[in-house]
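The values are calculated or read from the model by the stated rules, or taken from the named source; none is laboratory data. Predicted model only: the values in this text are computed from it and were never measured. Note: ideal-geometry Cβ built from the backbone for every residue, glycine included; neighbour counts use all protein chains shown. Surface areas here come from the heavy atoms of the whole protein model, side chains and all, with no ligands, DNA or RNA. Shrake-Rupley method; radii C 1.70, N 1.55, O 1.52, S 1.80 Å.
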Amino acid sequence: MRRSIYRLKAKTSLALPWLPLSAFNQPHFVPSPTPPPPQKHTVQSLAVLSTRPPKMGSPYQLKEGQSRLFHALPSGLQMEFIFQKGIQRYPFEESSRSVQTNEKTPPLVFVHGSFHAAWCWAEHWLPFFSRSGFDCYAVSLLGQVMVLVSFLDFDEYVRPHASDTHEFIGTFILKSPPVLLGHSFGGLIVQSYISDMINGQFSGNSNPKLAGSALVCSVPPSGNSGLVWRYLFSKPVAAFKVTLSLAAKGFATSLPLCKETFFSKEMDDHLAQSYQELMKESSRMSLFDLKKLNASLPVRSVPKSSVNILVVGASNDFIVDNEGLCETAKFYGVIPICVEGVAHDIMLDCSWEKGARVILSWLDGLNGHSL
């Protein structure tokens, strides 16, 4: 199928799963310790709900040097992405740096989490990493629905997003292996991508490799059931607030609750409200039918050191606690880094540059190595 790019403005939509209100009356869920055997999967893309690039009520105003584009997936659906070209950091040392790494600076592909879209990366991190010499692509995973991840039909809702990302990378990122970065629920999608890539689950002949992957305030490999139950028993008030904010979408109507869920208390209300409006535009899908539940999340483990992985968390994260951060790091055999004084939306928060510099330092350490 012929692929095309449209320079249009888009409506974005994604919702992060959390605890549904009815779950307070549900029995404790224990995920299966043994994932199902690997299988080849044919998945339908979930990028958008129509073949035409959609319109967005309050479109995000791009920064200088950014372009909002649309990629036509094989299904005919449209995937929005925001692109910003990297600026060479060492214009007088380009040749010597090329000799040292034998690779060009890897492109970065950003995958957002719940109630967000490509715009959340475009605000600060795309300009930051572009100035540091990296070509940046932030995709919008549309057609997403809100559902408790621990009971999620993984093949129907998570793997299609990984497949869409795989197809996008195979189309646009051809010169060198990229680094894939995922935030919150997007981190789970990135984990699915890594597992499917290592285990040969992607359909077709294309199998784009990765130079590395960064999981940022990511939902753990087992889903968020552990987070939910820890909150219920150790921080019941916080559990109620998170449920109200995410499952009931209270963040969209209460600015204080939105700030407590995603941002630091120091953030200016006017700025937080502007993000709140964009988040509302990015979360207009209806809830998933909770009757369609799956027993567990089959994110299969991968051999240690098979891919360079960075696991980053935030000390003031209201959604992913320290235990969740450590679970993800242990799963991949790495040491987690917790950025102090930053909230869950680490890329939008007041001290967004702290997390960006941690990732930049890690990127510089990759030295151009790929899978």
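Of the residues screened, V311 is not one that is part of a loop (DSSP other than H, G, I, E, B), at pLDDT 95 or above and closer than 30 Å to Q88 by Cβ. Residues in the range 86-141 that are surrounded by fewer than 24 Cβ atoms within 10 Å (Cβ to Cβ), modelled with pLDDT of 85 or more and assigned to a helix (DSSP H, G or I): A122, P127, F128, S130, R131. Applying the criterion of being out of contact with any helix residue (DSSP H, G or I) (no Cβ under 7 Å at 6 or more places or on another chain), over 21 Å from A314 (Cα atoms) and not in a loop (DSSP other than H, G, I, E, B) to the residues of the range 245-283, the residue that is most open to solvent (accessible area, probe 1.4 Å) is H270.
Can you name the residue in the range 203-212 that is modelled with pLDDT of 80 or more and assigned to a loop (DSSP other than H, G, I, E, B) and, of all such residues, is surrounded by the fewest Cβ atoms within 10 Å (Cβ to Cβ)?
Among residues in the range 203-212 that are modelled with pLDDT of 80 or more and assigned to a loop (DSSP other than H, G, I, E, B), the one surrounded by the fewest Cβ atoms within 10 Å (Cβ to Cβ) is K209.
In this entry, I198 is excluded by the filter for residues that are hydrophobic (A, V, I, L, M, F, W, C) and either under 25 Å from F129 (Cβ atoms) or buried (at least 24 other Cβ atoms within 10 Å of the Cβ) (or both). Can we say L227 is of a type outside the set (G, A, S), at pLDDT 90 or above and either outside any loop (DSSP other than H, G, I, E, B) or surrounded by fewer than 24 Cβ atoms within 10 Å (Cβ to Cβ) (or both)? Criteria not met by L227. Of all residues in the range 59-74, those that are open to solvent by 60 Å² or more (accessible area, probe 1.4 Å) and either out of contact with any helix residue (DSSP H, G or I) (no Cβ under 7 Å at 6 or more places or on another chain) or at pLDDT below 80 (or both) total 3.
Looking at L215, L232 in this structure, which one is buried (at least 24 other Cβ atoms within 10 Å of the Cβ), more than 13 Å from S114 (Cβ to Cβ) and of a type outside the set (D, E)?
L215
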